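Data block below; observations after.
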Amino acid sequence: MTSLAHVRTAVTRLDEVEKCADGGESYAVAGQTFVTVTADRSGIELSLPGDDARKVTEDIPGASVVEGGVLVPLDVMNGMQANAVIGRAWAHRAPGRLTKVSAAAASADGDLPRAIGRPATSALHGAGISTLAELSTRTESEIADLHGVGPKAMRLLGEALAAADLGWARPRS
């Protein structure tokens, strides 16, 4: 089960999203609505083409195709599913320039944990790091000094390095 708070977080993490001034709770990209919270606040309606809408109903039991997309009750999907379907609806409505940038960033993430967040991921990419192997060539203090990499990201990066049987580089003497 996911929550409205999770939906709001997932929506606002996407590029150039605006809350619609429709009196309800809808979100748009480039003036195109891609997600709307139902009036009773029990689900979300996503703007998706027919094939994508049908795929969502196959992946999430309880979701149903509606005119213009798919209706997904909050109590039948988890947070990962919510992130995926919201991202799919955003990509359907976003202009090509945004979807190209988003796809490039996703492919550049390599095997870095997504949970470190966008600021930390951007900082690492700016330092030429997009994989755990590249990260392991740097010291813990070098990474901690990067603007955008906070304590949570450092903890998650350390855990990811350990899980991959890697570690931080040793400080140079």
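The values are calculated or read from the model by the stated rules, or taken from the named source; none is laboratory data. Bear in mind the structure is a predicted one, so any value in this text is a computation, not a measurement. Because the Cβ atoms are built from the backbone with ideal geometry, glycine has one as well, and the counts that use them run over all protein chains shown.
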May I ask you to verify whether residue 8 is modelled with pLDDT under 95 and farther than 15 Å from residue 79 by Cα? no
Residue, nearest to residue 111 (Cα to Cα), within region 121-141, restricted to residues that are surrounded by fewer than 15 Cβ atoms within 10 Å (Cβ to Cβ) and at pLDDT 90 or above: 137
Yes or no: residue 89 of a type in the set (A, V, I, L, M, F, W, C), assigned by TED's automatic domain parsing to the domain that holds residue 49, surrounded by 15 or more Cβ atoms within 10 Å (Cβ to Cβ) and modelled with pLDDT under 90? no
When residues of region 37-73 are limited to those that are assigned to a loop (DSSP other than H, G, I, E, B) and hydroxyl-bearing (Ser, Thr, Tyr), the one surrounded by the most Cβ atoms within 10 Å (Cβ to Cβ): 38
Mind listing whichever residues of region 1-36 are in contact with a strand residue (DSSP E or B) (Cβ under 7 Å, 6 or more places away or on another chain), more than 26 Å from residue 116 (Cβ to Cβ) and part of a loop (DSSP other than H, G, I, E, B)? 20, 24, 25
